[in-house]
Amino acid sequence: MKKIGKYSFGIGDRFAHQGHAQLSALLKAQKGGIEVTPVWNKSNREHMYVHSNPADTRKEADQAVKELGYKGEYCVDADHINLGNVENFIHSSDFFTIDVASKIGILATPADVETFVSSCAAYTGKLTIPNIIHPFDVNKALLEKIAGKFLTAITEAGNIYRFIRDRKGSDDFVTEISMDEVETPQSPVELFFILKMVANQGIPAQTIAPKFTGRFNKGVDYVGDVAMFAKEFEEDILVIDYAVKEFQLMDNLKLSVHSGSDKFSIYPEIQRIITKYDKGIHVKTAGTTWLEEVIGLAVSGGEALKAAKFIYAQALSRQEELCAPYADVIDIKADQLPSAEEVSTWSSEKFAHTLRHIPGHPDYNANLRQLIHVGYKIASEMGTYYTDLLKANKDVIGQCVEENIYDRHLKRLFKL
Ligand SMILES: [Zn+2]
């Protein structure tokens with residue numbers, strides 16, 4: 001079975017042009033002594049919006065690896081797939097993020113619930129998890145509640161896992177289970193019994209993505225109580241550690257943080273906690289690279305700057321349409337968006353400083369940044385006009401992409 005390394009980073013890329021720059025950033029971390037496995041992730045939704053297909057992601061990854069002479073492991077992640085859309089990803093992917101969020105809360109049959117609850121008999125009463133101070137009170141009612149909420153979802157994850165394994169004809173791939181795209185976070189005690197279900201299904205999960213406390217808005221920093229996040233994150237790590245031993249799960253099972261990009265204020269906490277317990281982590285930050293493309297275009301000036309301004313103006317006039325699919329993961333204050341007329345007068349520097357994620361920079365505007373984050377459909381509609389600009393300004397854009405991933409993400413996450 002393909003096994004993912006201790007640290008891995010999801011470097012999705014909307015238009016499949018930045019593989020080289022992304023891998024360069026990870027290789028820079030390697031020089032600093034931290035080996036981070038690159039994982040090129042792309043969801044079905046993204047493929048649909050930009051009219052690409054999973055084979056393009058594989059091509060991009062293979063090409064970057066070849067160009068840079070990279071000898072380590074890497075993966076291509078079929079991100080957020082389900083039974084309805086996984087088929088297209090079977091051949092090109094070797095990492096599958098099985099998304100069962102839509103099945104959470106669908107009741108299982110009473111017989112299945114009963115079977116699950118009795119399989120947990122050993123954990124009723126005071127459940128003590130090493131290093132978590134307060135034991136959890138576990139009784140039949142709690143188990144029934146957890147089964148009612150999650151059993152159907154994890155049973156579905158088992159069906160999807162077996163479908164992929166059968167279609168690939170082997171288990172030589174990495175399996176992630178994701179439940180992050182829901183409103184309510186899963187508590188650590190829920191996670192423990194979810195992992196019991198994963199074990200009962202025989203899914204060799206190597207990463208799991210719960211929904212964490214707080215808001216993970218697209219492209220901007222974490223909004224919420226960092227201390228509360230840290231407590232939950234630490235307990236999740238301890239729960240996983242204990243569950244791996246109790247349920248004979250994969251010994252490299254680790255948390256996957258679907259960051260929605262750029263959750264800088266929780267990175268130091270993640271860093272502190274994984275170091276404290278010597279644990280691995282997977283972080284997905286797909287959209288951040290698309291934003292760096294627009295920044296790189298702006299910095300390049302001339303026709304490229306005009307294109308960046310065009311993307312903003314279009315996104316502004318089509319705000320409702322572009323924001324609708326992301327309504328739950330963005331918070332844009334419309335009155336703080338500059339007008340297209342104003343932006344049309346901006347210099348390269350002014351545009352870049354407004355969009356670039358440097359918290360505290362006087363020009364930085366998180367509202368404009370979120371709007372452009374969801375505006376990649378505009379670039380997709382520009383077709384080869386857009387991708388030709390990416391090619392013509394590849395050095396400047398590549399530098400922006402690499403600097404962003406290395407300086408703003410990897411340095412913070414791994415204390416480089
Ligand atoms: Zn996600």
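Points worth noting:
- Dividing the convex hull volume of the alpha carbon atoms of the stretch 165-210 by its residue count gives 79 Å³ per residue.
- In this structure the amide hydrogen of S178, modeled in the peptide plane, comes within under 5 Å of the amide hydrogens of I98, D99, V100, A209, none closer than 5 places in sequence on its chain.
- Electrostatic bookkeeping for V138 treats Lys and Arg as +1 and Asp and Glu as -1; over the other residues with beta carbon under 14 Å from its beta carbon, the sum is 0.
- Phi-based couplings in Hz for the stretch 153-162 (Karplus 6.51, -1.76, 1.60; Gly and Pro marked x): 5, 6, 4, 4, 4, x, 4, 5, 4, 5
- Relative frequency of Cα-Cα separations exceeding 11 Å in the stretch 11-58, percent: 67
- Where labels lie 7 Å past Cα in the beta-carbon direction, separation of R318 and I358 in nm: 3.1
- Residues of type lysines that K350 reaches as a straight line, Cα spacing below 28 Å, ignoring anything fewer than 8 places off in the same chain: K218, K263, K306, K309, K333, K377, K391, K394, K411
- Percent RCO, i.e. relative contact order, over the chain, from Cα pairs under 8 Å lying at least 6 residues apart: 18
- Here is the list for the stretch 325-416: trypsin sites (Lys or Arg not before Pro) lying in DSSP coil, each with at most 12 other C-beta atoms within 10 angstrom of its C-beta, are K333.
- Overall dimensions of the chain, expressed as equivalent-ellipsoid semi-axes from the Cα gyration tensor (√(5λ), whole Å, largest first), are 37, 22, 21.
- The ellipsoid equivalent to the alpha-carbon distribution of the stretch 99-142 has semi-axes of 24, 16, 8 angstrom, derived from the gyration tensor eigenvalues as √(5λ) and listed largest first.
- Charge sum, other residues only, whose C-beta stays under 12 Å from L305's C-beta, Lys/Arg counted +1 and Asp/Glu -1: +1
- Mean projection area, nm², convex hull over Cα of the stretch 345-416: 6.1
- Across the stretch 282-300, the residues whose backbone nitrogen lies under 16 Å from the label position 7 Å along the beta-carbon direction of K6 are 282-283.
- Length-normalised contact order for the stretch 295-359 - Cα pairs under 8 Å, 6+ apart - percent: 47
- For the stretch 229-320, the fraction of alpha-carbon pairs in successive 10 Å shells from zero, as %: 14, 31, 22, 16, 14, 3, 0
- Whole-angstrom gap from the stretch 355-384 to the stretch 93-168, using each part's C-alpha centre: 38
- The H on the amide N of A108, modeled in the peptide plane, is under 5 Å from the matching H of T152, each at least 5 residues off or on a different chain.
- Label-point separation, T275 to K66 (7 Å along Cα→Cβ), nm: 4.0
- Helix 302-317 axis, angle to the chain major axis (alpha carbon atoms, nearest 10°): 50
- Among L68, L26, L143, residue whose mean-square fluctuation peaks in a GNM of the chain (springs only between Cα atoms under 10 Å): L68
- Straight-line cross-link partners of K126 among the lysines, defined as a Cα under 23 Å from its Cα and at least 8 positions apart when in the same chain: K140, K145, K149, K196, K231, K245.
- Rounded to the nearest whole Hz, the Karplus-based 3J(HN,Hα) values (6.51 cos²θ - 1.76 cosθ + 1.60, θ = phi - 60°) of the stretch 230-237 follow the sequence 4, 4, 5, 4, 5, 5, 4, 4, with x at glycine and proline.
- For the stretch 26-132, trypsin sites (Lys or Arg not before Pro) are listed when DSSP marks them as loop and at most 15 other Cβ atoms sit within 10 Å of their Cβ; the list is K71.
- Quarter of the Cα convex hull surface for the stretch 1-128, i.e. its orientation-mean projected area (nm²): 11.7
- Under the Debye formula (equal points on every Cα, no solvent term), log10 I(q)/I(0) of the stretch 142-191 at q = 0.30 Å⁻¹: -1.20
- Residue by residue, the stretch 185-200 carries 3J(HN,Hα) couplings of x, 7, 7, x, 5, 4, 4, 4, 7, 4, 5, 5, 5, 4, 5, 4 Hz when phi is fed to the Karplus relation 6.51 cos²θ - 1.76 cosθ + 1.60 (θ = phi - 60°); x denotes Gly or Pro.
- Cross-link reach list, aspartates and glutamates versus K276, counting only Cα pairs under 12 Å and skipping chain neighbours closer than eight places: E234
- If R0 is 35 Å, the Cβ-Cβ spacing of K415 and S187 corresponds to a FRET efficiency of close to 0.75.
- Cα centroid separation, the stretch 20-81 to the stretch 268-297: 14 Å.
- Net charge over other residues, Cβ less than 12 angstrom from the Cβ of S344 (K, R count +1; D, E count -1): +1
Read the figures in this text as sums done on the coordinates, not as results from a lab. Since this is a predicted model, take the numbers as computed values, not measurements. With ideal geometry, Cβ positions are generated from the backbone for all residues, glycine too; neighbour counts draw on all protein chains shown.
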